[in-house]
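The values are calculated or read from the model by the stated rules, or taken from the named source; none is laboratory data. All figures in this text were calculated on a predicted structure; none of them were measured in a lab. So basically every Cβ, Gly included, is an ideal-geometry build from the backbone, and we count neighbours across all protein chains shown. For the accessible areas, the whole protein counts, side chains as well, though only heavy atoms, and no ligand, DNA or RNA atoms are used. Shrake-Rupley method; radii C 1.70, N 1.55, O 1.52, S 1.80 Å.
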Amino acid sequence: MSDIMERTIASLPGFLTGSYGKSANISPGFQHLIHCIGDCKSKQEEEKIMKKEIEILKHRLLQTDINKRQMREYLVRLIYCEMLGQDASFGYIHALKFVQQGTLLDKRVGYLAVTLFLHENHELIMLLINTIQKDLQSTNIVEVCIALTVVCKLINTEMIPAILPLVEEKLQHPKAIVRTKAVMALYQFYRKAPNLVQHIHDKFRKSLCDKDPGVMSASLNIYYDLIKSNPDDYSDMVSSLVDVFQQVIDKKLPSDYEYYRVPAPWLLIKLLKMMSVLGSDDE
């Protein structure tokens, strides 16, 4: 098992309580499963353990008296099974139901499971649309951010019109994290159906000038694709890109964007690529 996989598996129990480490309240059976997975000496031994776990979960999910804490644990255990190559499709509907009801913590676990279990063209996605729309209109910032994250992964071309107006509204949200995630969601929409987001190019430009560097850098992804497809339409952006480039070079961005004392290197690379495309026809 790779180091990344081991760290991912070790962190999953924290989703049960919103805490991490020893404080996560998990059942003895779940603790035993985690230890057994970590102690496996071969792939065959791991598969034997996970197949047994699948049978246990199939039986327990048929029970009618499951409380929310137990369901959170069962969903995380299903995630373990899927990550380790087992088919947990019998539990997909339970993840969907959990998203649609319960507390923020329940939604968090449910959405995590759904985004890992399903793909954008899965037949169950239709059952998720109303819940996503509701969460996008929530006053709770965390619910909005979770919904936007799910939108980036699970909304296909046919469903974009139902979600687009709500995502578009979030470009004006007072919280930068919401605006950033909205730009990222719109970028995914552009990649899937560019004709559906043509009308909001002016709002993309405002995002490029956003006072928060996270929002600004997220908007560069959209403009990089737009510039590559038709550089002549965006030749007037050179001065704006140069201004952003100069701000980065002058270290006007927060220190969080520095990498080994180099100011936002990935942002600089993106800006240089964009200016290179725009200036490719210059003599």
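Things worth noting here:
- For the range 210-255, filtered to residues that are among the β-branched types (V, I, T) and more than 29 Å from the chain's Cα centre (by Cα), the residue that is modelled with the lowest pLDDT is V238.
- Test for D210: is it acidic (D, E) and part of a helix (DSSP H, G or I): no
- Matching residues in the range 37-92 - criterion: being in contact (Cβ under 8 Å) with a residue 12 or more places away in the chain, assigned to a loop (DSSP other than H, G, I, E, B) and surrounded by 12 or more Cβ atoms within 10 Å (Cβ to Cβ): C40, L61, L84, Q86, A88
- In the set L148, L154, L136, L164, only one residue is over 15 Å from the mean Cα position of the chain (by Cα) and either crowded, with 20+ Cβ neighbours inside 10 Å or over 22 Å from D212 (Cβ atoms) (or both); that residue is L164.
- Some residue of the range 107-119 being open to solvent by less than 40 Å² (accessible area, probe 1.4 Å), among the hydroxyl-bearing types (S, T, Y), assigned to a helix (DSSP H, G or I) and touching a residue at least 24 places away in the same chain (Cβ under 8 Å): yes
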